[in-house]
1. Which of (1) at pLDDT 95 or above; (2) over 23 Å from the mean Cα position of the chain (by Cα); (3) surrounded by 15 or more Cβ atoms within 10 Å (Cβ to Cβ) does Tyr128 not meet, given it meets every other one?
2. Hey, does segment 99-111 have a residue that's over 24 Å from the mean Cα position of the chain (by Cα), modelled with pLDDT under 90 and not in a loop (DSSP other than H, G, I, E, B)?
3. Search segment 100-116 for residues that are hydrophobic (A, V, I, L, M, F, W, C) and pair each with any residue that is in a helix (DSSP H, G or I) when their beta-carbon atoms are under 9 Å apart and the residues are at least 6 apart or on different chains.
4. Could you list, in sequence order, the residues of segment 150-166 that are outside any loop (DSSP other than H, G, I, E, B) and out of contact with any helix residue (DSSP H, G or I) (no Cβ under 9 Å at 6 or more places or on another chain)?
5. Could you give me the residue pairs with C-beta distances under 9 Å whose first residue belongs to segment 151-166 and is over 30 Å from Arg99 (Cβ atoms), whose second residue is in a loop (DSSP other than H, G, I, E, B) and among the β-branched types (Val, Ile, Thr) wherever it lies, and which are 6+ apart or on separate chains?
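The values are calculated or read from the model by the stated rules, or taken from the named source; none is laboratory data. Quick caveat, the model's predicted, so the values are computed rather than measured. All Cβ positions, glycine included, derive from the backbone under ideal geometry; neighbour counts span all protein chains shown.
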Amino acid sequence: MSDHPNNKTSLSSRLQGKIEVLRSAKNTLKDAMALAEKRPTKSTDQTPAKENPLSGILGICVIVALIWGGCKLFGSEEKTPIENTRKELTRKELTHEERIENPFSAWDGSQPQVVKWIKQNIKDPDSYKHIETKFIDKTEKIGVITTFTATNSFGGRVKTTCIAYIDTLGILLSAELTE
């Protein structure tokens, strides 16, 4: 976001509007709770009225909804997860070796973006089983070769290879399946 005065004014007015919405919701909640405490009893004797267990649950639900709504209103709307990841990783000064090793899982050596792409492009994503991942350093990008098995349309397990390219931040650039 640039430092243009109109952008600051726009952001300020948006935030002010969101704050007013939250204040209004807070006042509505206070009014509802005050009414719940002042409800009349139906009996004429001096025994206090029984507490309705649903009123406490309803109050908690309203509070949770207000907190969730506030988080949604004030959450980051301007950056996608990929942009946030890029910015976070580029802030750190990583060596070339760290940039190459960083995008791969320490658990099984797979590359999460490639696995996600594979699962989106096979018949039965739940049948995916990782066998092995190798990579080739191409300086500006990394060649990723992932071997896996999955079930085909006939229910048989097929060994398949995915050849993909990612950048040094782990963002998928291209991918294709080969058998």
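1. (2)
2. So far as segment 99-111 goes, yes, one or more of its residues are over 24 Å from the mean Cα position of the chain (by Cα), modelled with pLDDT under 90 and not in a loop (DSSP other than H, G, I, E, B).
3. Partner pairs satisfying both residue conditions: Phe104/Pro112.
4. Correct list: Val158, Lys159, Thr161, Ile163, Tyr165.
5. Correct list of pairs: Thr151/Ile122; Asn152/Ile122.
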